[in-house]
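Read-outs throughout are calculated quantities, based only on the coordinates presented, and are distinct from any laboratory measurement. Predicted, not measured: the structure shown is a model, and the values here were computed from it. Here the Cβ positions follow ideal geometry from the backbone for every residue, glycine too, while neighbour counts run over all protein chains shown.
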Amino acid sequence: MSAAVAFDAFTGQASPARAERRRHLKLVVAELARRQPPKDLHPKQRQAFTSEATEILYGGAAGGGKSHLFRRAAIQWCKWIPNLQVYLFRREFGDLFKNHMESATGFPVMLAEEIARGECKIVDKEIRWKNGAKIHLCHCQHEKDVYGYQGAEIHVLLIDELTQWTAKMYRFLRGRVRLGGLKVPAWLKGLFPRILNGANPGGIGHNWVKAAFVDPVAESETWQTPKAEGGMRRQFIRALLEDNPTMAENDPTYEDRLEGLGDAQLVRAMRKGDWDIVAGGFFDDVWSRDRHVLAPFPIPHSWRIDRSFDWGSSKPFSVGWWAESDGTRVEVAPGRFRTFPRGSLLRIAEWYGWNGTPDVGLKMRSSDVAEGIKGVEALLKVRGPRGEILPARVQPGPADSAIYDVDDTESTSIADTMRKHGVTWVPADKSPGSRKNGWERLRELLAEAALDVPESPGLWVFSHCAQFIRTVPVLPRDEKKPDDVNTSAEDHIGDETRYRVLALTRVARRSTFSPV
């Protein structure tokens, strides 16, 4: 999607108005460049500082110069704009203080001359400027902590390590970003209010950050977001170690330490800024897109097909359809055959109940979900014994046991409502220890499927199951419970898959053909 197309599609503004705004922004950016951005910014940092975008994600690899950019930008903007209120956030205050106050190039060092001249002073968690501008050093350790800023008027929002934040937290703080009565110099109008984020791949927010900033348009392209997404001009600027020559000069062996992280996936994330994997994710050592993602092929009629389900309303629901191999050889492409070990699982279809925003559900009624499931199953086909295409016979599979308990607007439970509409389930195993056991079983299946010649059951995914591919491989570990997934992440498909692999106690049997 080009920036121009995105702007028109999302705002509906006529071309003359868009063109006039573009001309104005070009003049503003040109004037900003003429006034010379801080000389200690490298080209990529300068790109973010002078960008016409007002909602920016800067980063990717470790050592890309995010922290220095944040500090230098905050200082310069405070000098230029009297009464500017800059809020710099991290999740943990200890991390914020160590990085931005105690480091060798922290605020006290960078501001030594200004402090000596009486232009500003550091008071507790604020940097106060003589012209009324302030830099607020903030943190939100818990999700509820964002409400402490409900009345804040944030002119510039800086969030360090955005992937450690939930989308809900970010949206709330973005909603506090406004100019109010601030007088912005004419040569800077259109560039404020402003949000600048920094992040590396990984963390509980990886999925939503990637979906919001990395995936929509080409790298460095600026695009206008719709009102539902904040209505700002968004941009992703990928920063690598090479974009921060200062790091190489001060610490020439830092690159070697990144290359020596050991895990290839971790190196790709932290050295190359690769957003298609997660550093330290729960499955990063067993997942391989090349090995696990398959082009769809007709499923033999003798394989068992069933589905699994994780309920959600304000959060997404997830339905996955699975084919369980009975060991029958299958034609995966014209003239090419493959045998999947008996008991292997293939995810052949899915329905993810989200509104297009990561971790936000459709709030559908359970009756409508049931009807949608039947609609999908009417389209599923299998290959008969003579090569003919036949309707698939889908068996009930495991579902979150909460659907048997949670009251529904239409009946005593969600399960009852769905049964009345012709969709039944079996309760998922949620006994003590089942969560840990389920994740471990899923890891075992993925590890087996990644082998050149799997001898035991594995798990594969058809390429059109895009939401599984988007969310499950990047699920982060819980730092306090390393054998579990962080439940703050977008884990709904992961949970639904976990229910199914725990149900893998049966052995699919070859069956004689009987017409549906």
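Quick one: grab the alpha carbon gyration tensor of the stretch 289-502, order the square roots of its eigenvalues as a ≥ b ≥ c, and give me rounded if a/c is under 1.5, else prolate or oblate depending on whether a/b is larger than b/c. Walk me through the intermediate numbers first.
Values: a/c = 1.83, a/b = 1.23, b/c = 1.49.
Oblate.
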Seminar exercise, completed: Note, the stretch 175-187: 3J(HN,Hα) by Karplus (6.51, -1.76, 1.60, θ = phi - 60°), whole Hz, Gly/Pro = x, goes x, 8, 7, 6, 7, x, x, 5, 9, 8, x, 4, 6
Seminar exercise, completed: Magnitude of the Cβ-charge dipole (Lys and Arg +1, Asp and Glu -1) of the chain about the Cα centre, nearest 20 debye, reported as 1380
Exercise. Within the set Lys98/Lys134; Lys26/Lys189; Lys125/Lys168; Lys363/Lys420; Lys144/Lys168; Lys79/Lys125, which residue pairs have Cα atoms separated by over 22 Å?
Worked result: Lys125/Lys168
Exercise. What lysines sit close enough to Lys44 to cross-link, taking a C-alpha to C-alpha distance under 18 Å and skipping anything fewer than 8 places away on the same chain?
Worked result: Lys66, Lys272
Exercise. Near Lys480, which lysines are there with a Cα under 19 Å away, not counting those fewer than 8 places off in the same chain?
Worked result: Lys436
For this session: Using the charge dipole of the chain (Lys, Arg: +1 at Cβ; Asp, Glu: -1 at Cβ; taken about the Cα centre), state which of Leu158, Gly231, Phe309 has its Cα farthest towards the positive end.
Result: Gly231
Problem set entry | Within-13-Å neighbourhood charge of Asn83 [Cβ basis; K, R +1; D, E -1] | +4
Problem set entry | For the chain: relative contact order, % (alpha-carbon pairs under 8 angstrom, 6 or more apart) | 15
For this session: For every helix of n ≥ 4 consecutive DSSP H residues, a contribution of -39,500 (n - 2.57) applies; sum these over the chain, divide by its total residues, and give [θ] at 222 nm rounded to the nearest 500 deg cm²/dmol.
Result: -8500 deg cm²/dmol
For this session: Go through 340-346, 112-118, 245-251, 97-103 and give me the packing order, highest mean Cβ count within 10 Å leading.
Result: 340-346, 97-103, 245-251, 112-118
